[in-house]
Structure formats: C-alpha cells, structure tokens
Amino acid sequence: MQNKYNKLKFHKCYVFIVTLLLFTKVDAQLASNKDEFTKQDTLRGSITPERAWWDLSYYNLNIKVQPDKKYISGYNIIHYKVLESHNVIQIDLQDPLKVTAFSQDDVQLNYDKIGPAYFVYLKKKQVPGTYNKIYVQYAGEPIEAKNAPWDGGFSWKKDTNDNHFIATSCQGLGASAWWPNKDHMYDEVDSMRIAIDVPKDLIAVSNGRLRETYEYEYGGYKLYEWFVSNPINNYGVNVNIGDYVNFSEVYTGEKGNLDMDYWVLKDNLIKAKEHFKDAPKMMKAFEHWFGPYPFYEDSFKLVEVPYLGMEHQSSVTYGNQYKKGYLGTDLSRSGWGLKWDFIIVHEAGHEWFANNITNKDVADMWIHESFTAYSENLFLDYYYGSEASADYVIGTRFRIQNKIPMIGPYGVNKTGGDIYYKGSNMLHTLRQLINDDEKWREILRGLNSEFYHQTVTTEQIEDYISKMTKKDLTAFFNQYLRDVRIPTLEYKIKNRKLSYRYVDIVEDFDMPVEVEIDGKTEWLFPNSEWKTKPIKNKDFKVDRDYYIYSKEIN
C-alpha cells in the first residue's frame, strides 16, 4: 500500500512540475516580446493540456449571495465529454475565493494550484467518448469591482431606497472571478442551470428563462432558478440582484414570437416603459441586418444594474441612466448619437457578435467589438439613412489611436487596440469596396448563419468574407487588423496631370478608392507605385467613406 501511495504521489508531483516547466518556457518566450506576460496570463489565455482533453456539456451552478457580508458560497457541477484519456483536469477560480472540495462519483479529489488554476487529479479512468462530471464546492469574498464593468467582479451597491443592488461583470477579468469553471473562450457549455439564493426581499435575475422560485421555510432566503438552453460563453453568465419589478412585451420577429423582458428598479418603472422603446426598434434593425435573434428559446432581457452595462447573453445589463447617447453624450460628435440609447443598441448588438459568434481567443476580440460598434451606425442606417450612418461612423474616427494592432497576442488573454471604432471604420470601408448593399447584408447575415453558436478565429471571418465577395482581401485585413499605419493616398497635380500612390501600407495593398475629379465620381486603383491620370482642373477629393488619409505633395 505504501508503494502504491508513493507512486501516486510521485506521479502528481511529476505532472505538476511538467506543467510548471511548460509555462515557464512559454513565459520566457513571451517575455522577449514587447509585452511581458505572467504564468497566470498563460494559464488563463491558452488551451492547456489539462483543458484540451475534455469538452464542456453542462454547468449546474448554485450560488448563495449574502449581501451584508459581501460573501458568496455554493457549488458547480461541471459535466463534460472525454475527448482523450487524461487524469488531470484544470478548473479555474480566482482568489480570494477558495475551492473547499473537489469530488467525482462521491470520491474526494486532490489538486495542485498555480494562481487561479486548480489542477485536479482524477481517480476514475477517463474513457474517450464517455460523459463525466466533477463537483466543485467553493466560498469566499469575491473580487469587488472598483469601476465596473471595465475592471469587473461583484458590484455591491445600494439603490436610492437603501436596498441592496448587486451585479456581476467579468469580461477580461474572467468568470472565474466569481464561479469555478473552464475559463477560456474556445469551449462554450451547451446549456446551463443557474440557481441563486438571495434574501427573500430581493429578486435575482440571470440568463435564460426563470424556471422556478422557492422560498425557504427558515433562514429568510429565496431561490431563483434560471435555465439557459443555448451555448453560452463564461463571461456572458451573470447574476443581478435588486428590488426589481418586471414588465414585458412580445416581439414578432423572423423566427416567430420573441419574449422581451425588462427588469428594473421599482422607482424607475414608469420611465423604463417609455425609454425601453428603443429595444424593439433595435431588434427590428438588427434582425434586418444580421438575421434572427440567436436566442429565441432563452428570450431577450434588459436588466438594470449599478454600472454602465454589459452584453450578458439573453440578460443584457443596463445602467445608462435612462439617457439617450452614451450617458447623455454623443460619441461621434455628429449629433446622430443622441437619437438612441447607446447601451441598449450596442450591448444588445453583441447578442449577434460576441454571444452568437464568439472569439476562440480574446486576441480576436475585434470580432466582438468591431462588428458591434459597426452595428451602431447600421441602426442609424435602418432608421435615418446612409448619410446619417456615415456621419456617425466617420465622426468616431477621432477616437482611434493607432498605437497597437487590432489583433492582440495569442494565448495570454490579451486583446488588441482600437477594436471599437477603427474596426467599425474598417467595416464601413469594406462596405464601400463591395459596393452592393444587398450583398453586404447577405454577408452580415451569412456570418451569423455560418457560425451560428460557434467560437471562431479571425482567419475564419476573413476567409468567409473573401469567399462571399470573391475578392482577395488578404492585404486589406493585414493593413487594418495587423498594422497600426493608416494608408495614405499621396497625390500631386501638375500640368493637368494627377499623380497618385499609396504610402504607409503593407505588402500588396492596392485597395480601390472612390474620388471626385472635376466634379465627377471615379474609381482610382492605387498601389505603392506612382500612377497618373488626366485632370482638367485641380478639383480632387477622396470619398470620406474610406478610412484612409490623403495628402497633397509638391
């Protein structure tokens, strides 16, 4: 027996040391780049061997929230399919929360821990093709958000009537900040139960549909059980707790009747009923551009929270203070941004790009944010026309910094830069190149059909758009996604001759561009070499819809 124990102990140490050495090597390679990353970045951002061998199928999350203590406790039963035989599984939970027990088939399991990653040693043989589950019990005081939703965690607030007003947000930080899970974007769970115990004078709202409520006979707590029947990413899961009231409507959409539910603080009911009229307007515009809302089975919800808002799946959170624009301001300075509520439109737009189509690695977060930032001007296009839409997206260009590429480094949980409005202007430019709005709409809807409920890479998006347009867009995407320079069209006019070329471009960049010459719109086909064209006067202007610079030289 002692021999057997020693062998098991040696095997555990060996696995732990090999894992540690693996990430030490990766970190050393990453440290040689401009950014330096930690082991925790690598464990959080990469598909480790202890993640790769199993596929998520179901979460059964149970959580008790004690607002007065800012304390949570509960368990998650993680169901999975075995893809390869392995005996170590990685489960993530961030300090200061602690796992108090791991078990499988009622057998307690041992583990090692590196930062937020628990490496759990399974005793049961993991047979490929079979389904298993692991029980994870945990408790503690979760990370408290200092400036939600950007830094994330639990927001422990009070409403104006001194009632508890609580919400979670964890994009970037990771869902493991408040519940144990497989905390990587590449693997979405197929469905999920979320059961929340809260003081009985409060209401808990989460993702999907409310299946059951139950008031305990003792202890002063009430259970709210929610169920998500569609795949969901970890950061899309949320808990919202407050003195809520509910109102609803049924929207007749492309797939039939869609339940649209609104959960707001009691004191805000009257103004919410008026202000949330932007929600069905949003749904109408986005079903037109992107296709059917992706989660009819789980309904659509807007839930008031004590922070600005977030794209939690089927449970979009709202904190824009019932103002038009972004907290009453226009992010484009065009005037058009004050025609609609930014949070309702932008965060709900993520239901298509982020929740339906989800990046496998957060380095490709531009897929979420660029398309959704672009959805803002598509909303305007639908209701106010193409010029209003163009005014808005062009008006956001002053916010672009062009300091780092839009695609971030892979495997370390790091996004790129300018993923909002550089991305939306890239897509607006691409629409001009296609020069066929019905084809463009077909592409946007096709993306949501082709990659329905899937996690994707940048390359998949690039390849799909190139295939649909029958254009080689390699240099186009390299320029805008992987380079910080903006193409500049240099030109000079002399002796009734226009000379022009591109500078600040990647290899093979030759994007056509519409210009006005002598009062007429024409296409130019610049590249890195000088080209010439006759011109009568010095009347020359580049179409504003193309995100390029133009510069006259002597």
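Just give me the residues in region 102-136 being surrounded by 18 or more Cβ atoms within 10 Å (Cβ to Cβ), among the hydrophobic types (A, V, I, L, M, F, W, C) and farther than 20 Å from Glu84 by Cβ, in sequence order. Across region 102-136, the qualifying residues are Phe102, Val136. Annotation: Tyr547 fulfils all but one of (1) exposed (fewer than 11 other Cβ atoms within 10 Å of the Cβ); (2) of a type outside the set (D, E, K, R); (3) touching a His at 6+ places or on another chain (Cβ under 9 Å); the unmet one is (1).
Residues that are under 18 Å from Met282 (Cβ atoms), open to solvent by 10 Å² or more (accessible area, probe 1.4 Å) and touching a residue at least 40 places away in the same chain (Cβ under 8 Å): does region 388-396 have at least one? Among the residues of region 388-396, not one is under 18 Å from Met282 (Cβ atoms), open to solvent by 10 Å² or more (accessible area, probe 1.4 Å) and touching a residue at least 40 places away in the same chain (Cβ under 8 Å), which makes the answer no.
Reported count of residues in region 493-510, each being in contact with a strand residue (DSSP E or B) (Cβ under 7 Å, 6 or more places away or on another chain) and either open to solvent by 70 Å² or more (accessible area, probe 1.4 Å) or not in a strand (DSSP E or B) (or both), is 4. Restricting region 436-487 to residues that are basic (Lys, Arg) and without any contact (Cβ under 8 Å) to a residue 12 or more places away in the chain leaves a set whose member that is nearest to Pro231 (Cα to Cα) is Lys467.
State whether one or more residues within region 271-281 are in contact with a helix residue (DSSP H, G or I) (Cβ under 9 Å, 6 or more places away or on another chain), of a type in the set (D, E, K, R) and in a helix (DSSP H, G or I). Looking through region 271-281, at least one residue is in contact with a helix residue (DSSP H, G or I) (Cβ under 9 Å, 6 or more places away or on another chain), of a type in the set (D, E, K, R) and in a helix (DSSP H, G or I). Pick from region 138-166 the residues that are part of a strand (DSSP E or B) and more than 13 Å from Tyr71 (Cα to Cα): which of them is least open to solvent (accessible area, probe 1.4 Å)? Going through the qualifying residues, I end up with Phe165.
Quick grid of which residues meet (1) open to solvent by 10 Å² or more (accessible area, probe 1.4 Å); (2) more than 19 Å from the chain's Cα centre (by Cα):
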residue	(1), (2)
Ser191	yes, no
Ile194	no, yes
Leu202	no, yes
Tyr224	yes, yes
Val245	yes, yes
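Scanning region 290-345 for residues that are over 23 Å from Lys146 (Cα atoms), in contact with a strand residue (DSSP E or B) (Cβ under 7 Å, 6 or more places away or on another chain), in a loop (DSSP other than H, G, I, E, B) and among the hydroxyl-bearing types (Ser, Thr, Tyr) returns Tyr293, Ser299, Ser314.
Of everything listed in (1) open to solvent by 50 Å² or more (accessible area, probe 1.4 Å); (2) closer than 21 Å to Ile166 by Cα; (3) assigned to a strand (DSSP E or B), the single unmet condition for Val264 is (1).
Does region 243-259 include one or more residues that are in a helix (DSSP H, G or I) and at pLDDT 95 or above? No, region 243-259 contains no residue that is in a helix (DSSP H, G or I) and at pLDDT 95 or above.
Listed by position, the helices (runs of 4 or more DSSP H) enclosed by region 428-482 that each have at least 1 residues that are out of contact with any Lys or Arg (no Cβ under 6 Å at 6 or more places or on another chain), open to solvent by less than 10 Å² (accessible area, probe 1.4 Å) and under 30 Å from Leu56 (Cα atoms) are 437-450, 458-469.
Looking at Asp201, Asp187, Asp183, can you tell me which residue is over 28 Å from Ala52 (Cβ atoms) and part of a loop (DSSP other than H, G, I, E, B)? Talk me through it step by step, then tell me what you get.
Numbers: Asp187 fails: over 28 Å from Ala52 (Cβ atoms); Asp183 fails: over 28 Å from Ala52 (Cβ atoms).
Testing whether each residue is over 28 Å from Ala52 (Cβ atoms) and part of a loop (DSSP other than H, G, I, E, B) leaves just Asp201.
The values are calculated or read from the model by the stated rules, or taken from the named source; none is laboratory data. What you see is a predicted model, and the numbers here were worked out from it, not measured in a lab. Note that each Cβ is placed from the backbone with ideal geometry, even for glycine, and that neighbours are counted across all protein chains shown. Surface accessibility is based on the protein's heavy atoms, side chains included, excluding ligands, DNA and RNA. Shrake-Rupley method; radii C 1.70, N 1.55, O 1.52, S 1.80 Å.
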